[in-house]
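K.L.:
Here you go, one structure.
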Amino acid sequence: MSATDGLYGAVQRGIIKEMFKLAASDDKKSIVRAIGLAEKITPDNHKGEMRFVKEKVKQNHPALKIARHVVHDLSPACRDGFINAFVVNALLRGSQKRQDFTSQTGLRTPFTVLVSPTMRCNLHCEGCYASRYSSQSDMPPALLQRIVDEAAEMGVYLVTVLGGEPFMRRDLLDVVAANPDTYFQIFTNGTLVSPAHVERLAKLGNVALMLSIEGDAQATDERRGPGTYRELMRTMDLLKAHGVLFGYSATVTRHNWPMLLSDEFVDPLVAKGAALSWHFLYMPVGGAPDTTLMPTPEQRNQIRLGIRRLRNTKAMFPVDFWGDAPWVGGCIAGKHYLHINNEGWVEPCIFTHFATDNIADTSLAEAFNGPYFREIRARQPFNHNLLMPCMLIDNPRESREIMAQTGARPTHDGAESLVTGLCGALDQYSADVARVYEPLWDEEEGAETDRETTPEPAFSEH
């Protein structure tokens, strides 16, 4: 079925066709009109997003440059794939389908599914365990396809691919090609992305790459190995030249955060074509968890404010996975997304390596609505202070109670340290975060700084 078959009548399909024509223009008025048309066919609970974008474009906000980048700089397939698979399917068609699925079955649905089809990696980053895995540990291709199929049946048309390094799978882009109605976001270290890959990405269209980076050349190469930064820049240049949508992903530590928020770091990446950036606080998980790498509470607030500055001044949309929590009602793990690891274990998020269900033994809908996920959702938000959203580092007692009550078990060696050996350090960290964020939350809640002008996210229907 195509992106619009069975969803809209002839009039609505005509509107979408007109949107495509307008979106190909450099003229601001045409882009505003295209967004206005999109608003007309957007479900009522998402019209706010369209109005927000439209007003920002009118005000010459950097969002206008992002819109122009999508319609002008991307290859025709990537432009149409973004509009067709992401905007129309994941947001519009998927929203109604998710609501219908819940009404018919009584089961909740996520907005996106995260999956790690392999944990293998070609790099040997300090503190990472991914290079120890073999191809025998990869997720079977049939299971990966079943996950994508079941997600689509629920109305989920956005699949985020993680790892390990996804391009260790030679069939990765075959999966993308086999599912044109789904939009894929692939997090990659970028070193295995060849010119042939990029040419194919430009023709497929329904995929965006997020390139992992630690900071400048020195910071990236120190963690990921000599020459990694150079390879990343090569990949970005290839993606830009072929009109493939991409962004970058950074792990924010106690040491690299000023660099990641600096104009000197961000501006060259925007110039290369990065349209989106993900910022994840360092989490004490993996082979060698180290709480001393976690940004201090004071630094977390500076990071939050710094990303807000970037959002208002750069032609790129930065996401702060913790600082943006007030926009989405706190933690969204297990509520709006889930993660399935290479062995099929269904986890609430990429950092919570605990599970009760394996996708090989149950359906996606059943796993998402099992006792483990229901208990997580029943406790969300975990804190009245939405600047403290995470059950692992901001509310660690909640995570320990959830694991004990539901019988969730570690999904890889060492994961149990979050609820055993690191308890004392995490309890102290959460207390320190509360000390800094309580007065800030009182100010934030009273002023409603961004929430008055920022729409609810696309996955807020449930």
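The values are calculated or read from the model by the stated rules, or taken from the named source; none is laboratory data. This one's a predicted model, so the numbers in the text were calculated from it and none came from an experiment. No Cβ is skipped: glycine too gets one built from the backbone with ideal geometry, and neighbour counts run over all protein chains shown. Keep in mind that these areas ignore ligands, DNA and RNA; they rest on the heavy atoms of the full protein, side chains included. Shrake-Rupley method; radii C 1.70, N 1.55, O 1.52, S 1.80 Å.
K.L.:
Amide H of Ala315 versus every other amide H placed in the peptide plane: which residues, excluding those fewer than 5 positions away on the same chain, fall under 5 Å?
P.N.:
Hits under the 5 Å cutoff: none.
K.L.:
Any chance you could check the Cα centroid distance between segment 268-331 and segment 43-81 for me, in angstrom?
P.N.:
Computed from Cα coordinates, the inter-centre distance equals 22 Å.
K.L.:
Something else: Taking only protein heavy atoms into account and a 1.4 Å probe, give the accessible area per residue of the chain in Å².
P.N.:
Details: 18460 Å² over 462 residues.
Averaged over the residues of the chain, the accessible area is 40 Å².
K.L.:
Moving on to the next point. Apply the Karplus curve 6.51 cos²θ - 1.76 cosθ + 1.60, θ = phi - 60°, to the phi angles in segment 65-76 and return the couplings in whole Hz, x for Gly and Pro.
P.N.:
Once θ is set to phi - 60°, the couplings for segment 65-76 become 5, 5, 4, 5, 4, 5, 8, 10, 8, 6, 4, x Hz.
K.L.:
Taking H as built 1.01 Å from N, whose amide H comes closer than 5 Å to the amide H of Thr160, not counting residues under 5 places away?
P.N.:
HN-HN under 5 Å from Thr160: Val113, Leu114, Val115, Gln185.
K.L.:
Let me ask something additional. Among DSSP beta bridges whose residues both lie in the chain, state the antiparallel percentage, nearest 5.
P.N.:
Working: 6 of 36 bridges.
In the chain, DSSP labels about 15 percent of beta bridges as antiparallel.
K.L.:
Rounded to the nearest percent, how much of the accessible area of the chain (1.4 Å probe, protein heavy atoms only) is carbon and sulfur?
P.N.:
Exposed carbon and sulfur together represent 54 percent of the surface.
K.L.:
A further question follows. Which pairs break 28 Å Cα to Cα here: Lys65/Lys97; Lys21/Lys58; Lys314/Lys335; Lys21/Lys47; Lys28/Lys335? Kindly include the intermediate steps, with their values, before the conclusion.
P.N.:
Working: Lys65/Lys97 31 Å; Lys21/Lys58 19 Å; Lys314/Lys335 30 Å; Lys21/Lys47 21 Å; Lys28/Lys335 37 Å.
Over 28 Å Cα-Cα: Lys65/Lys97; Lys314/Lys335; Lys28/Lys335.
K.L.:
Something else about it: Given 10 Å bins starting at zero, what is the percent of C-alpha pairs of segment 264-387 in each, up to the one with the largest pair distance?
P.N.:
11, 33, 33, 19, 4
K.L.:
While we're looking at this one, here's another question. Hey, of (i) 152; (ii) 132; (iii) 296, which did the structure itself give for volume of the Cα convex hull per residue in Å³ when calculated?
P.N.:
(ii)
K.L.:
Same structure again: Length gain on complete extension for the stretch Ala241 to Ala271, per 0.36 nm per residue less the alpha carbon to alpha carbon distance?
P.N.:
On the way: separation 30, 0.36 × 30 = 10.80 nm, distance 1.21 nm.
Gain on extension, Ala241 to Ala271, equals 9.6 nm.
K.L.:
OK, next. Considering the Cα trace of segment 115-244, what is its radius of gyration and what is Dmax, both in angstroms?
P.N.:
14.9, 45
K.L.:
Counting only C-alpha contacts under 8 Å and six or more residues apart, can you give the relative contact order of the chain as a whole percent?
P.N.:
Working: 806 pairs, mean separation 70.8, N = 462.
Computed over the chain, the figure is 15 percent.
K.L.:
Something else about it: What ranking, highest mean first, results for peptides 323-333, 230-240, 108-118 when packing means the other Cβ atoms within 10 Å averaged over each residue?
P.N.:
On the way: 323-333: 21.2, 230-240: 19.6, 108-118: 23.4.
Output ranking for 323-333, 230-240, 108-118: 108-118, 323-333, 230-240.
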